[in-house]
Every structure is written in structure tokens, then in C-alpha cells.
1. Show the residue pairs that are 6+ apart or on different chains and have beta-carbon atoms under 7 Å apart, the first residue being within the range 131-155 and farther than 17 Å from VAL337 by Cα, the second being among the β-branched types (Val, Ile, Thr) and in a helix (DSSP H, G or I).
2. Filter the range 188-200 down to the residues that are closer than 12 Å to ASN230 by Cα and either surrounded by fewer than 24 Cβ atoms within 10 Å (Cβ to Cβ) or β-branched (Val, Ile, Thr) (or both) and list them by number.
3. Any residue at all in the range 232-245 that is closer than 30 Å to TYR454 by Cα, polar (S, T, N, Q), surrounded by 20 or more Cβ atoms within 10 Å (Cβ to Cβ) and at pLDDT below 95?
4. Please find, within the range 585-605, the residue that is farthest from PRO542 (Cα to Cα) out of those that are open to solvent by less than 40 Å² (accessible area, probe 1.4 Å) and hydrophobic (A, V, I, L, M, F, W, C).
5. Given (1) within 20 Å of THR410 (Cβ to Cβ); (2) out of contact with any strand residue (DSSP E or B) (no Cβ under 9 Å at 6 or more places or on another chain), where does ALA332 come up short, assuming only one miss?
6. Of all residues in the range 63-100, which are under 19 Å from GLU338 (Cα atoms) and touching an Asp or Glu at 6+ places or on another chain (Cβ under 8 Å)?
7. Taking the range 81-137 as the region of interest, how many residues are under 22 Å from VAL326 (Cα atoms), aromatic (Phe, Trp, Tyr) and assigned to a helix (DSSP H, G or I)?
Amino acid sequence: MAQLTPAGKAVILALVIGGAVGGYRLFGSKLIPKAPDKVSVSGTKIVLPDGSTPAPSTGVGDLNVAMPGKEAGCTNLPEVRLLGYAWNAHMGLHFANGGPQATQGSLMCTNGVNLKFARQDMNDKLTEALVSFATKLSQGDKNPSVGAHFVTVMGDGSAAFLKGVDDALSKIGPEYRPKVVGAIGFSRGEDKFMGPADWKRDPQSARGGVIAGVLRDGDWNIAQKWIGDNDLKTNPDEKTYDPDAINWINTSDYLDAGEKYITGYTEERAVVRNGKKTGQTMKIKVDGVVTWTPGDVNVAQKRGGLVSIVSTKEYASQMPCVVIGVDKWCKANRPIVEGLLKAALAGGEAVQKSDQALGQAAEISAVVYKESDAAYWKKYYKGVTEKDKTGLSVELGGSRANNLSDAAFTFGLAQGSANLYSAVYKVFGDLVVKQYPEIVSGYPSADQVQDLSYLKAILAKAGSGAVKAGDTTLVAKIKPTQPGKPADGEGSKSKWNIPFMTGRAEFDSKAVQDLEKLKRNLLVASNMSVEIQGHTDNVGDPTKNMQLSEARAFAVKTWLEKQAPANFKGRISVSSYGQTKPIVPNTTDAGRAQNRRVEIVLRTN
């Protein structure tokens, strides 16, 4: 099978442009600053926006789709250039364009956009393209012929990416800052954390495990969320081994991550406990990987033995394919920006509902990416479960092209929905700042980097019936887990000490910050059902404590559903345990405080 180039999709790279530092996806290790010596830290609880598994394709041409032609089209219009990764989330855009450049009868030409798409996997090159474009624009060129008008990147890594780009462009002028104008697709399974099946059955058995991958990138984010959800520790020091934490081997790219597992790569490292070297050394080997397609395919076919622990299939809102442009040019060319988004989202609708459209989009993908063939791209766009070299069933691939409803729900523009992108942006921006402040010291706020006016204009013109909750794939339709269900399929279980008024089911004034954080984390893990378990200490009557724990769990459920009904209705179940399941003895005030808790259990369907 033909392999994709190692560059792939990149996350969290040190970008040196005008002194700016940022990061994103899949760069060689020489480009990523080495982290200083660090102490293992508890994983951060990450709650992701709610966005569910895509509805299955009907597999038939049930949509009356006009196929784009093969010949060049709308060449009388100014060329608009977009650079993006080799990523199946672009399928709708490719169908809309008809080829590398907009073709006759294509949705792009119909919407007045002469788009040229080119593959660019290196994040520093994406940044350079935006900076060179903005520089020419600032010199009076209204439609520069250098650089790119737009780039697409992964939403969960965009905080660090936009930090670098924003620092660079703001030096040209505040009106040249980068703006996210839309989202045209999602990773829905292809980006994943792979490890031994025992880790999936019992996450605590992963302590001391060693994972290979590109640190501070999108797939690293997936593993970091899983670590936090399961109350594990992560060792951010790339030179030591902590037997009580998850350890990391930094790789040059995602294919290299898989190869290190396949070849049985080992390293000799100093052993640490509680942040201190023990004086011992240990030869460590790669136990798992964070990777994307085709890295997961290589692991399965060349060695096998690993399963998908968790991926963007479960964390369905984590990785939107967002479109970024230069603010000044976008505002001056509003019809083109709206036309591009409208065409791409209509292309996404076609790809979702017409197998013929998907097939043509896959053909275009093979041409623009200059990799493999249409059958490859189509197969792994849909995602498959295949037998690996050992006979183990492994989930591989999986992406999604957005339609207009999907885009509206991504940015909270549908009634009752939350802004999923903002939640993902902050969750993972905070994560990398917390663990690697010397590399990414901060990032612009989500409000600063979004301009949703283009998408709002498209929705207004489409009318009130354009977004229907029943049609969107970003609203979880998950049957809640019944209390007492066995742990099979349990993805994580984490404690949340949300403060309540003493003896009551009313939130303390300090609870809002914790509730907001919980909401963001649950929004990310949008394809997982949620069980809220209430617990108390042993003070008072046991029957009343049982009732109180249930009331408090319901209070959390009700708060979430009021905040974003489109994202949480029908997804959450409640169970109460009163004082029956203490996690520490109730013999001290501190112990009783720990036992007064709400636990969040996430389960796959």
C-alpha cells in the first residue's frame, strides 16, 4: 500500500516568525524545542464539546447532485488559494472544487470562487504563506499572488498555532490578524491513541507505559484527555522514566511513531519517582502510539497487537477542520469568503448523502495529495474495522465532511447549541500552556480569533429551516447508560468536587468555574454517553444522604442541559450512591470533603 509522506498533519511546533512562538501538527523533532526537565503531573480532566458520530452514509445516490466537470472553470475570476493537510476532512471541499482548481460546473464556480487547493503538511509553511500574503496586502496589493488566502488546520491545536500566526500578523497591523471563519469537516476516528487491549479494559494498568508520538500535537491531545479522565499521571520529561506515570518518546512524525512500535525501539532512561531521580536506569520500549492514518494502518498490518484506546470517534468534537484567513482581506472580499464556505458545506452535504459524490471527491483527493488512489481515500474516509497481523480487530481511519447544519452546531449558531470550537480551543490551549509554558506561554482568546459573520450570513440567507437538529451529526443521540451497567465500554471515570451548599442540592457560589470546565470537557467527548453519580459523606441519615446525592447529581444534569440543550438532552443519566461508596475514610473533615463528590462516567455506545 502506498504510504503518505511523513509530514502528515502537524500540531504544536515552535514557529519562529517575527519572534513568535506557536505550535501545531507533525513536524520533525529538530523543529520542536526540547522540554526542560520536568516532574510527572496528574492528567488534566478535559471535557470536550458535544458532537456525535456521523450518521452512516446511505451508500446510494439519494441526493440529486450535479457532478463537477473536469475542465478548468471560472478562470475569469481572481484566483483564491487554500493550503491544507492531506486530510479526509477536506472531502466536501474537494467535491465542491472539482479538482485542484475549480472546474466547470463546480460548486465553487457556481458560488463565484476560483479556488486552488494545494497540499501543505508543514505548519511553518502554512504560517509563512499567511504572513507573506498579509505582507503584500499591507503594501497595497489587493489580491496578492504570493502566499495563501486561507489555510486549514486542526481545531484542537489551533490555539498554539494561532498564537504564532497572530504574533506575526499583528506586527504588520491589528487589522491583519488571523481569523477562523468556518469549519468544513472533522476527524472522526483516524486520529487516535493505540495501546494494549489491557489498557482499554483497565486504564490503571497503563501506569509506567511508554507511548511514541509527536509531543504537543493533536493526537497527543487525545491521549492527554484520556489520561486526565482516568486520573493518571503524565511525565512531560522526554529524558526520564516514571513507573507511576505515562511516559513519552518524541518522534519526528506520525509514521515514525508507528515505526518505533513496529521495530521494537528501546531507550535507556533514568528512573524517577515523585520528581526525583532514583539513581537507577531502565531500558524502556514502546508500548503504544499516538498517530493518524496511515500510521494506524502500518501498526496494524506490520506488527499488530494494539487496539484503539480512544480516538476522535469518541472525542467527536475535538478535531474540526477550521478555515483561517487574514481578517483585512476577508472583510474586503466578503462575497468570496461566503461563497467558499457555502460551496464547501454544500459539497459536504453531497459527500454525506451520495456515494457517487464521495467517490469523485476521493478521486480528487488522490490527485491533490499526490498519494495512493481513490479507493484508499474513500475507504479510510468512512473508517473500517480490520484484522491486524495478529488477528485482532482494529478500528482504522474515519473522517467527516461538514454540511451547513454541522458548521452551525460547531460554532453554537444552532438554537440551544454550545460553541464547540471555542470549548476545544480553550481546553487544549490551556493544556499545552500548563505542561509546556516555556514553549507556548499563552494564546489569544477564542473570541479574538473567530469571525462568524460569514457563516451567519449564509445561515440568514438559507432561512430558518436550514439547520435542523434531527439532521445534524453534531447532536449526540445516545441512549443513556442505565445505572448499574457493567463497566464494559467504560471510557473513563473521574471525580469532580463541585461545591454545593451544606446539606442542600444548590450550587455554592464557587461552583460555576468547575461547572464551566466540566461542560467544556463533556462537549469534546460528544460521542460518549454520560452518567453523573452522586456521593455524600456519612454525616446524617443514610436515607436522606441517598436522596441528597441524587438531587445533587440531577442538579448537575439540569445545569448542563440548560446551558446547551442541543448538546446534552438525551445524553445524560443519573445514579446516586449516598454514603455507600466512600473513596477515603470519613474520619476527618478532609476525608468527608473528598467523599462529598460527583463522579462523571463516560461510556462508549
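1. Pairs found: THR135/ILE172; SER138/ILE172; GLY155/VAL424.
2. Within the range 188-200, the first condition is being closer than 12 Å to ASN230 by Cα, and the residues that meet it are 199-200.
LYS200 - this is the single residue of the range 188-200 that is closer than 12 Å to ASN230 by Cα and either surrounded by fewer than 24 Cβ atoms within 10 Å (Cβ to Cβ) or β-branched (Val, Ile, Thr) (or both).
3. Going through the range 232-245, the residues closer than 30 Å to TYR454 by Cα turn out to be none.
No: the range 232-245 contains no residue that is closer than 30 Å to TYR454 by Cα, polar (S, T, N, Q), surrounded by 20 or more Cβ atoms within 10 Å (Cβ to Cβ) and at pLDDT below 95.
4. LEU602
5. Answer for ALA332: the failing condition is (1).
6. The one that is under 19 Å from GLU338 (Cα atoms) and touching an Asp or Glu at 6+ places or on another chain (Cβ under 8 Å): GLY92.
7. Residues flagged as under 22 Å from VAL326 (Cα atoms), aromatic (Phe, Trp, Tyr) and assigned to a helix (DSSP H, G or I) within the range 81-137 amount to 1.
One line per residue, one yes/no per condition, for (1) basic (Lys, Arg); (2) under 30 Å from LEU518 (Cα atoms):
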| residue | (1), (2) |
| --- | --- |
| LYS239 | yes, no |
| THR251 | no, no |
| TYR261 | no, no |
| GLY288 | no, yes |
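The values are calculated or read from the model by the stated rules, or taken from the named source; none is laboratory data. Bear in mind that the values here come from a model prediction, so they are computed numbers and not experimental data. All Cβ positions, glycine included, derive from the backbone under ideal geometry; neighbour counts span all protein chains shown. In case anyone asks, the SASA skips ligands and DNA or RNA and just uses the protein heavy atoms, side chains included. Shrake-Rupley method; radii C 1.70, N 1.55, O 1.52, S 1.80 Å.
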